[in-house]
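*Asks:* Shown below is the structure under consideration.
The values are calculated or read from the model by the stated rules, or taken from the named source; none is laboratory data. Keep in mind that this is a model prediction, so the values were computed, not measured. We place every Cβ from the backbone using ideal geometry, glycine too, and count neighbours over all the protein chains shown. Quick note on the areas: whole protein, heavy atoms, side chains included, nothing else; ligands and nucleic acids left out. Shrake-Rupley method; radii C 1.70, N 1.55, O 1.52, S 1.80 Å.
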Amino acid sequence: MTRPIHDFRLLRPQSVDAVIEARSMHENSRIVAGGTDLIVNLRRGIGRPSVLISLDGVEEIGQTFVSPDGARIGSGVTIAAVLADRELAAKFPALAAAAMTIAGPSHRNLATVGGNLCLDTRCIYYNQSEWWRASNGYCLKHRGEVCHVAPQGDRCHAVFSGDLAPALLVHGAEVELAGSGGRRRMPLADLYREDGRAHLTLADDEILVGVHLKHESLRSGYAKVRTRKAMDFPLAGVAVALDGNVGALRALRVALTGTNSCPVLLQGTDELLGKPVDEALLKSIDKLVQRQAQPVRTTLASANYRRLAAAGLARRLTDSLATGNASVS
Amino acid sequence: MSSQPPPRKQIVRMRVNGRWREDAVADHALLVDYLRETAGLTGTKTGCDGGECGACAVLVDGVAVPSCITLAARCDGHSVETIEGMAQGGRLHRLQKAFHEQLGAQCGFCTPGMIMAAEALLRKNPKPTEAEIRSALSGNLCRCTGYVKIVKAVQIAAEAGS
Amino acid sequence: MNASVPGTPANARRGIPLVDGVEKVTGKARYTADLDRTGALVGRIYRSPVNHAEILRLDVSRARALPGVIAVVTGDDCPHPYGVLPVAMNEYPMARDRIRYRGEPIAAVAAVDAETAEQALALIALEVRELPAYFASDEARASDAVLLHENKEGNLERAVHHAFGDIDAGFAEADLVREVSIDCAEVNHAQIEPHAALAEFDPLTGRLTMQSVSQVGYYLHLMLARCLEMDESRIRMIKPFIGGGFGARVEALNFEVITALLARVAEAKVYTELTREECFLTHRARPQTTTKLKLGMAKDGRLTACECEVIQRGGAYAGYGIVTILYAGALLQGLYRLPAVKYDGYRVYTNLPPCGAMRGHGAVNVRHTFEVLLDRMARELGLDPFDVRRANLLEAPTRTLNDLMINSYGLGECLEWVEKASGWRERRGKLAPGKGLGMACSHYVSGAAKPVHWTGEPHAVINVKLDWDGVVTVLTGAPEIGQGSSTMAVIAVAETLDIPPDWLRVICGDSEVTPKDNGAYSSRITFMVGNAAIDAARKLKGILVDAAARKLQASPDDVECAKGSFRNARSPEQVLPFIDVVREALVNEGTITVKGTFTCPPEAQGGKHRGGAVGSTMGFSYAAQVVEASIDEVTGEVTVDKVWVALDCGHAINPLAVEGQIEGSVWMGMGQALSEETRYLDGLPAHASLLEYRVPTSNESPPVDVHIVETNDPNGPFGAKEASEGALASAMPALVAAIADATGIDLDQLPVTPDRMMDALIERRRRARREATRKVAP
């Protein structure tokens, strides 16, 4: 007999509009997609929404369309479905590589693309039981005043750990949002901000309905470090997409997860274009990553390790993609 | 007994191991509690505080899910299979037979979830490689076997065919 | 069918599946959480939010007043300290006056449902005066530290000082003397079944029925009688299916006593199931250990002396602590020839959940340190790791300096097999960059020759019942917890009677039906219960042979009993089926019950020195293993690619189960080496989930090639010894040696998580740079 979750009402609207309506009608509501993140938190007493609005009945967001020009992936598409889609994997290799590293196989059957992009931020002081957090005086992210990771500061440092975001960022993804004011599209990077307590820029009545990808014929990959090779969030995750070869890069994008409160699309990679992929270039990437990755001690593994591992992965991925070595996931 | 009103319940229809059931289920009830407490199917286990060990794995519409983080109400109208539905016609399912004969089960507590995860794999991929087996079971923790004989059991079950 | 034909090597036999295996694979097996809970109240425990404090006020009145709450208990309900060691009972099921770790039980409620129980906990008010808290051994041992237990100076639960042989002469004789200090993180059993207990108190009869996850029903029985001030005869212990133990449940645990207290106050059935977090708080596992070891070695690899200091961070209460710190010293010996041994052990009280026994109890971290140092010294002397072990082999029969008895010793054969199977000679040093091979050895006891509660009774008793239907029922108190003990008992009886195992049934673990058994710990069951089972079966066989002789009108000496039938050796055409003999045996007698026993002789019970009984055993298992590993220098990730392991278990009664135990123990050691550790943040367990406590998944678990070595121990049942703990402790040093082989890095800390490996790689780079500059400089 599991410990009871607080009582709530479950709504299962059948359309995006109905979801938005439900959202505006119920102030203390939460959207639940696969539930693999949210239900775990609710079981630990993190949040007490009185209404859960389930997306599982919304057909529109459950489809993937792939065309020669790109793809639209519904936010309700499961990770398992992403993995099963060969066309998607062929066009956007980093996406499939990242999907394969998420949690365990049964989670991937429930978890969705939207859920992974909107994954709650994580921290060793936050992802604990009610008894634990209460004994510790709670924390800035939830019910408390202090960030135990950086008690002097005034922000929450909980870390974003979704695997798909960096893979989609390096492929230039845009997200499609629906709200009471209609629909809008924006670059995926704009969905996030560097604040562990409120890392999503979604408005209260807005939901993520899909991801748009343009086909650019990039080589891409994703790699992540974790203590176990399954059932572990990234201590650092890196996606790289590039065009060109060892002689000269025509395009290079690098994105990180597991290091900051939001996924990071590495700045400054454009300056490396046209250059050969040699030790000097790899060193530059290493430096960029080390400067822009800002891990703090939200995990038991050291922050410094996560920074170094992110840099090392970025170097290796870039090198192997440039030299055409395919085994990069 | 408590001072609060009783939890809101809805009628949920679920096909459990081939038979339709109809039960009043609270919105916040988990599938694992529904199966164990309401349907009396205690073969499905809980080993963690949510989504971490795989002992609760069951099949929903043929794919493995962790029932301890699945809301029962969301399974309304769906088909659920548990370890109790595996043996048919007085014979052990090939995975059960292989787990038994190869010592894929020691204490047996992870076994139901492990077998359901393996069943989901074999339905999708009847001839998996060792790496594919290990990957498919990577969300199911076992503390007794080191997975050696579990992997062997799945290989033997796969060879035995359906 | 024979699992255990004498003369056929184990590796050519298969063994049989577990006798309770079908229930497990079909979901029919009922674990504690699956028992009939009709009408049961829900028990929940209120736990301390602070590390170390005096209780000023505990108010449970509002909880008690909540409708639906049937019982509330606190420390006031049990004024009796309890504990597994009669000399160290210093724990209450719920704290009284003093709280010593965060998460310690303080009160408990039983309510009509979980929601109500939860609400009741929130109504409990606690006021405390906080005291300084200590989370490290050295902090707790500081001269100005507040004492956790009044009579324990320096917060030491026990200091052990043992010396055997001439230690100074030993070091003087050495060509090489080296010292290390190695830190092994605290780990946890993490058995997949969470703790649970179902207690029913019947006020009409005054009887308590307890069903729980215990590996030691008898010890729990004793402690329930003590804590509830009940006569032992009013308590019945029933063991359901148990989802693993590994030592987590080898002492009465607070939640079990609390559930019984609640049931008595409520005069009802109470069910308590702990969360995974609470399982980690209950803990009782392997302590964080700092081992300082100094070895002396001759040029040819012979060990000349061993000096060892062990500091164990024991947590807040005694538990098995004294035994753990004694084991750590005692089991320095028994694996290799050691002419002189000095041991100083310190078991320290700290404000953390109490440690206890875990697979390889006491021996593991010390063995790790020993093997690691042995390897490094061999390297320094230019010796092969195998050769240095071979230079120190024992010869059975022998006794160690601390008077441990060794009658069989297969380490040499273990070494030979793993060396060959792993291709050590051909492959070592020639692997791809980033890959390495390492090896190590280990051993473990086959049961403690002196049980913790000494009563003068035999070490094991088993009953075998035979009735008119021809069913042979084995009645044993030995807790089957997944290790295959019931199957072992069935085979022992079936082989002795030469009947198919399928003709037998086992009833296991019901205090009103089965004979008392000390429990599933220290790998005692195969050796002790196995011998008792054979003893019982021989007696039954005698009765059946007599009956057959009557029916065949032959002399009992001429009756042959084979493959389930009896015949007259003088006229082989005279054959009687088993059932006919059974019915003849029952004439004038009725149902037959025989008893078998086993007692460890005094010479097995250890030396006369203080604590000399710990480590004493009828026989040791021996193991050697080779680990092949890969190190990713970019990420610090370590992968175990393959393990070859050989274990001398004397004789494999059930080879299938022996293999399973070896694979599981090697893998558990690998988990401790790679990823498992408990970590506390100001006394709060940061690891208290199966996400943060990283039990390896199937993805990073290697194939394990197992070889069983049979040395046929003169006292073991069919020659058998233990098989489930001995191989664990060599997994960690073999991996650390493989890492050293691959990278040249010597690691002094476990587990080797990617961040620790990365730190070591960076340090190596720095050192190389420093050395390069030094060389360049004039």
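*Asks:* Just the ratio, please: alpha-carbon radius of gyration of segment C:460-599 over 2.2 N^0.38 Å, N its number of residues.
*Replies:* Details: Rg = 15.3 Å, N = 140, 2.2 N^0.38 = 14.4 Å.
With N residues counted in segment C:460-599, Rg over 2.2 N^0.38 Å equals 1.07.
*Asks:* Within segment C:318-424, which trypsin sites (Lys or Arg not before Pro) sit in a loop by DSSP and count at most 15 neighbouring Cβ atoms inside 10 Å?
*Replies:* Numbers: sites: C:R337, C:K342, C:R347, C:R359, C:R367, C:R376, C:R379, C:R389, C:R390, C:R399, C:K420; in loops: C:R337, C:R359.
The qualifying sites are C:R337.
*Asks:* Where Lys and Arg each count +1 and Asp and Glu each count -1, what net charge lies around A:T299 among other residues with Cβ under 11 Å from its Cβ?
*Replies:* Details: positive: A:R122, A:R226, A:R297, A:R306, C:R679; negative: A:D232, C:E692, C:D755.
Taking every other residue near A:T299 into account, the sum is +2.
*Asks:* Okay, next question. For peptide C:178-187, compute the average count of partner chain beta-carbon atoms within 10 Å of each residue's beta-carbon.
*Replies:* Values: counts 0, 0, 0, 0, 0, 0, 0, 0, 0, 0.
That works out to 0 on average.
*Asks:* What figure in square angstrom, to the nearest 10, would you give for the accessible area of C:E139 with a 1.4 Å probe?
*Replies:* Spelled out: C:E139, probe radius 1.4 Å, area about 90 Å².
*Asks:* From zero outward in steps of 20 Å, how is the percent of C-alpha pairs of the protein assembly as shown spread across the bins?
*Replies:* The distribution over the protein assembly as shown is 11, 40, 37, 12, 1, 0, given as percents.
*Asks:* Also, I was wondering about something else. Let me see the pair-distance distribution of segment C:133-392: every alpha carbon pair, 10 Å bin width, integer percents in order.
*Replies:* 7, 26, 25, 21, 13, 6, 2, 0
*Asks:* Below 8 Å between Cα atoms, with a sequence gap of 6+, how large is the relative contact order for chain B in percent?
*Replies:* On the way: 291 pairs, mean separation 36.2, N = 162.
Computed value for chain B: 22 percent relative contact order.
*Asks:* Please report the net charge: other residues with Cβ closer than 12 Å to the Cβ of C:T593, K and R +1, D and E -1. Each step should come with its number before you reach the end.
*Replies:* On the way: positive: C:K465, C:K539, C:K595; negative: C:D467, C:E589.
My count for the surroundings of C:T593 gives +1.
*Asks:* Write down, largest first, the equivalent ellipsoid semi-axes of segment B:94-161 in whole Å, where each equals the square root of 5 times an eigenvalue of the alpha-carbon gyration tensor. Don't jump to the answer; show the numbers that get you there.
*Replies:* On the way: eigenvalues 53, 32, 20 Å².
Ellipsoid semi-axes (Å, largest first): 16, 13, 10.
*Asks:* Rank-order B:11-23, A:166-178 by packing density, defined as the average count of other C-beta atoms within 10 Å over each peptide's residues, highest first. Provide the component values of the computation, followed by the final result.
*Replies:* Numbers: B:11-23: 14.9, A:166-178: 24.5.
Those peptides, ordered most packed to least, come out A:166-178, B:11-23.
*Asks:* Just tell me how shielded C:189-201 is by partners: mean number of partner chain Cβ atoms within 10 Å of each residue's Cβ, no decimals.
*Replies:* Numbers: counts 1, 5, 6, 18, 9, 8, 0, 1, 0, 0, 0, 0, 0.
Other-chain Cβ atoms within 10 Å of each residue's Cβ, averaged: 4.
*Asks:* Rank C:F718, A:F65, C:F386 by accessible area, highest first, at a 1.4 Å probe radius?
*Replies:* On the way: C:F718 65, A:F65 120, C:F386 0 Å².
So, going from the largest accessible area down, we get A:F65, C:F718, C:F386.
*Asks:* Can you give the mean number of other chain Cβ atoms that lie within 10 Å of the Cβ atoms in peptide B:66-77? Working shown, then result.
*Replies:* Details: counts 10, 1, 4, 14, 6, 11, 1, 5, 9, 1, 2, 0.
Other-chain Cβ atoms within 10 Å of each residue's Cβ, averaged: 5.
*Asks:* I'd like the Karplus ³J(HN,Hα) series for segment B:63-71: coefficients 6.51, -1.76, 1.60, θ = phi - 60°, whole numbers in Hz, and an x wherever there's a Gly or Pro.
*Replies:* Per residue, the Karplus-derived 3J(HN,Hα) values read 10, 6, 9, x, 6, 7, 10, 10, 6 Hz.
*Asks:* Going by average Cβ density within 10 Å per residue, which order do the peptides B:105-111, C:494-500 take, highest to lowest? Don't skip to the end; give the middle numbers.
*Replies:* Details: B:105-111: 31.1, C:494-500: 20.9.
Going from most to least packed, we get B:105-111, C:494-500.
*Asks:* Out of segment C:191-283, which GluC sites (Glu not before Pro) are coil in DSSP terms and have no more than 15 other C-beta atoms within 10 Å?
*Replies:* Details: sites: C:E200, C:E229, C:E232, C:E251, C:E256, C:E267, C:E273, C:E277, C:E278; in loops: C:E229, C:E251, C:E267.
Hits after loop and neighbour filter: C:E229, C:E267.
*Asks:* Among the aspartates and glutamates, select those whose C-alpha is under 12 Å from the C-alpha of A:K214, and discard any that sit fewer than 8 residues away in the same chain.
*Replies:* By straight Cα distance, A:K214 reaches A:D69, A:E174.
*Asks:* Separate question: With runs of 4+ DSSP H residues as the only contributors, calculate the mean residue ellipticity of chain C at 222 nm using -39,500 (n - 2.57) per run, divided by the residue total and rounded to the nearest 500.
*Replies:* Dividing the helical sum by the residues of chain C leaves -8500 deg cm²/dmol.
*Asks:* Expressed as a fraction of 2.2 N^0.38 Å, the rule-of-thumb size for a compact globular protein of N residues, what is the C-alpha radius of gyration of chain C? Write out the running numbers ahead of the final one.
*Replies:* Numbers: Rg = 27.3 Å, N = 778, 2.2 N^0.38 = 27.6 Å.
My calculation over the Cα atoms of chain C gives 0.99.
*Asks:* Using a 1.4 angstrom probe with every protein chain in place, what is the largest-first accessible-area order of C:H609, B:H100, C:H443? Can you show the working numbers first?
*Replies:* Details: C:H609 55, B:H100 35, C:H443 5 Å².
Output order, biggest surface exposure first: C:H609, B:H100, C:H443.
*Asks:* To continue, here is another question. Nearest 500 deg cm²/dmol is fine: what mean residue ellipticity at 222 nm does chain A get from its DSSP H runs of n ≥ 4 alone, each adding -39,500 (n - 2.57), divided by its residue count? Intermediate results must be reported in sequence, preceding the final value.
*Replies:* On the way: 11 runs with 94 residues, N = 329.
Calculated mean residue ellipticity at 222 nm is -8000 deg cm²/dmol.
*Asks:* Could you pull the Cα extents of segment C:128-182 along its three principal axes, largest to smallest, in whole Å?
*Replies:* So the extents along the principal axes, rounded to whole Å, are 58, 22, 15.
*Asks:* Follow-up question, since we're still on this one. On the accessible surface of the protein assembly as shown, probed at 1.4 Å, how many percent belong to carbon and sulfur atoms? Walk me through the intermediate numbers first.
*Replies:* Values: 21100 of 43160 Å².
That fraction is 49 percent.
*Asks:* Can you list residues from other chains, or at least 5 along the same chain, whose modelled amide H is less than 5 Å from the amide H of C:E91?
*Replies:* Amide H neighbours of C:E91: C:Y82.
*Asks:* Next question, about the same structure. Could you tell me the relative contact order of segment C:44-181? Use alpha-carbon pairs under 8 Å, at least six residues apart, and round to a whole percent. Don't skip to the end; give the middle numbers.
*Replies:* Numbers: 207 pairs, mean separation 41.8, N = 138.
In percent, rounded to a whole number, it is 30.
*Asks:* On average over all directions, what projected area in square nanometres does chain A have, based on the convex hull of its Cα atoms? List each step's numbers first, then the result.
*Replies:* On the way: hull surface 66.5 nm².
The number I arrive at for chain A is 16.6 nm².
*Asks:* Then there is this: Run the numbers on chain C and let me know its relative contact order in percent, using alpha-carbon pairs under 8 Å that are six or more apart. Before the final figure, lay out the partial values.
*Replies:* Details: 1994 pairs, mean separation 120.9, N = 778.
Reported as a whole number, the value is 16 percent.
*Asks:* Among all the aspartates and glutamates, which ones have a C-alpha under 12 Å from C:K450's C-alpha, if same-chain residues fewer than 8 places away are not counted?
*Replies:* Partners within reach: C:E603.
*Asks:* I've got another one for you. What is the distance in Å between the Cα centroid of segment A:1-45 and that of segment C:377-398?
*Replies:* The distance from the Cα centre of segment A:1-45 to that of segment C:377-398 comes to 63 Å.
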